[in-house]
1. Given a 1.4 Å probe and every protein chain left where it sits, what share in percent of the accessible area of the stretch 85-131 is carbon and sulfur?
2. Take the alpha-carbon positions of the stretch 30-152, form their convex hull, and give its projected area averaged over all directions (one quarter of the hull surface) in nm².
3. Return the sequence-ordered ³J(HN,Hα) values of the stretch 38-54 in whole Hz as given by the Karplus equation 6.51 cos²θ - 1.76 cosθ + 1.60 applied to θ = phi - 60°, using x for Gly and Pro.
4. Say R0 is 45 Å: what FRET efficiency, to the nearest 0.05, do K180 and E61 get from their beta-carbon distance?
5. Ignoring ligands, DNA and RNA, what accessible area per residue does the stretch 1-120 give at 1.4 Å, in Å²?
6. Which log10 I(q)/I(0) values, to two decimals, does the stretch 166-220 give at q = 0.19, 0.28 Å⁻¹ under the Debye formula with one point per Cα?
7. Taking the inverse of the average 1/r across all pairs of different Cα atoms in the chain, what Kirkwood radius in Å do you get?
8. Could you tell me what percent of the accessible area of the stretch 164-278 is made up of carbon and sulfur, with a 1.4 Å probe and every protein chain present?
Amino acid sequence: MSQLQAPFTGGPTLNDGVTMPWLGLGVWQTKDGEEVIHAVKSAVEIGYRSIDTAAGYNNEEGVGQAIRECGVPREELFITTKVRNPDQGYESTLQAFEVSRRKLGLDYVDLYLIHWPVKGKYRETWKALIHLQKEGLVKSIGVSNFQIHHLKNIIDDSGVKPVVNQVEFHPLLTQRDLLKYCREQGIQLEAWSPLMQGHLDLPLLQELAARYGKTPAQIVLRWDLQQGVITIPKSVHAERIRENAGIFDFTLSDDDVKALEELNQNHRFGPDPDNFNF
Ligand SMILES: NC(=O)c1ccc[n+]([C@@H]2O[C@H](COP(=O)([O-])OP(=O)(O)OC[C@H]3O[C@@H](n4cnc5c(N)ncnc54)[C@H](OP(=O)(O)O)[C@@H]3O)[C@@H](O)[C@H]2O)c1
């Protein structure tokens, strides 16, 4: 748990030996241009070193500009992007990666993810990611929105485990079986929509916020860390980006961690990985 006291740079060691920060900035629905440049620069100034984008967010160019202008050396940053669904397949993923890399203006990407397990495609996409890693263009490779059966398929095919599975994860969707499987396999879980897309008005969150002298957002993000889950809250506001990083100076009791877990309703704000059509 001591690592959890180290803001921004301390983080779990992934199954390929790379260290990834516990906390990153998400930029889904952050507009390309001024908005994303401001969000990323604010985050880096506050101390964030990890940024989570995707080809599908249409803001890789702005993220890249912010990286170049933020004043922190490239090697100190941890940049994630993802291959979008229409680009999946072996050759098309290699091409899509090159487009992302050029938009970001980077020599390499720290973490490249399969955004969704597109039926009939994701197993070939995984092979392309393995190739990109061998070429040194991507430091680490992982997946997003994979259920246990998707994970088993790519591991059986290739013998290569993803380092990360980035999934929807919050007190209303606690993903117990998936979390257990990923822990057993040494696959790091990473929470998307950790703030339930802003739906922070749950009475227990409010109560814990008052008791710990923290905000509901900080309570839920700290809850991620104490379960060993990486978290990537999104905000376009510098003051909220700062607030969301105020999670390394307090500890929730085991009972409170459990009480939050018991809010689970298997409720998704986003699509179901076993039933989507995009
Ligand atoms: N792999 C995937 O399929 C996938 C899917 C979804 C998301 N993601 C990733 O996960 C990241 C986070 O998820 P998300 O963007 O869906 O939602 P989120 O982080 O759960 O919530 C973001 C929302 O909460 C608001 N907010 C931020 N900080 C707040 C605070 N301290 N207090 C109150 N409200 C706050 C934001 O508004 P303001 O911006 O106005 O502050 C925004 O409306 C994304 O940005 C993306 O990088 C990945």
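The values are calculated or read from the model by the stated rules, or taken from the named source; none is laboratory data. As the structure is a prediction and not an experimental result, all values here were calculated from the model. Cβ: placed from backbone, ideal geometry, glycine included. Neighbour counts: every protein chain shown. The area values use the complete protein model at the heavy-atom level, side chains included, leaving out ligands, DNA and RNA. Shrake-Rupley method; radii C 1.70, N 1.55, O 1.52, S 1.80 Å.
1. Carbon and sulfur together cover 50 percent of it.
2. Value for the stretch 30-152: 7.3 nm².
3. Per-residue couplings from phi come out as 5, 4, 5, 5, 4, 4, 5, 5, 5, x, 4, 10, 10, 10, 10, 10, 6 Hz.
4. 0.70
5. 41
6. Relative scattering, expressed as log10 I(q)/I(0), comes to -0.70, -1.02.
7. Computed over Cα pairs of the chain, the Kirkwood hydrodynamic radius comes out at 18.8 Å.
8. Whole-percent figure for carbon plus sulfur exposure: 46.
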